[in-house]
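Student: Can you read through this structure? Questions will come right after.
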Amino acid sequence: MNWLRSIGLRLLLALGLSISLWAFVSFSQNPDRRAPFDGLTVAVGGLTPGLIIVDQDGLPRPNLPPVNVIVEAA
């Protein structure tokens, strides 16, 4: 019984150390990145004939306003 207890303790210790090492290496080697892109133009492609783009009032909108996009990578 004492032998089983020491093996279990070693197993839990090894598992805890391996998870903490994995977390440390993951976040120090691959930090989260954010890249903002401002004023991108939107192009509509593949619009079926007979369909149009409208604004919130239902009026046809031939060209769309520029948009701001933030790309995040983990």
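The values are calculated or read from the model by the stated rules, or taken from the named source; none is laboratory data. Here the structure is a predicted model, which means the values were calculated and not measured. Backbone-built Cβ (ideal geometry, glycine too); neighbour counts: all protein chains shown.
Student: Between Ser6, Ser20, Ser28, which is at pLDDT 90 or above, part of a helix (DSSP H, G or I) and among the hydroxyl-bearing types (Ser, Thr, Tyr)?
Tutor: Working: Ser6 fails: at pLDDT 90 or above; Ser28 fails: at pLDDT 90 or above.
It is Ser20.
Student: Mind checking which residues of segment 31-50 are within 20 Å of Ile70 (Cβ to Cβ) and part of a loop (DSSP other than H, G, I, E, B)? Quick ask: steps written out before the conclusion?
Tutor: Of segment 31-50, the ones within 20 Å of Ile70 (Cβ to Cβ) are 31-43.
Passing the criteria: Pro31, Asp32, Thr41, Val42, Ala43.
Student: Tally up the residues in segment 19-51 that are without any contact (Cβ under 8 Å) to a residue 12 or more places away in the chain and surrounded by 10 or more Cβ atoms within 10 Å (Cβ to Cβ), please.
Tutor: 9
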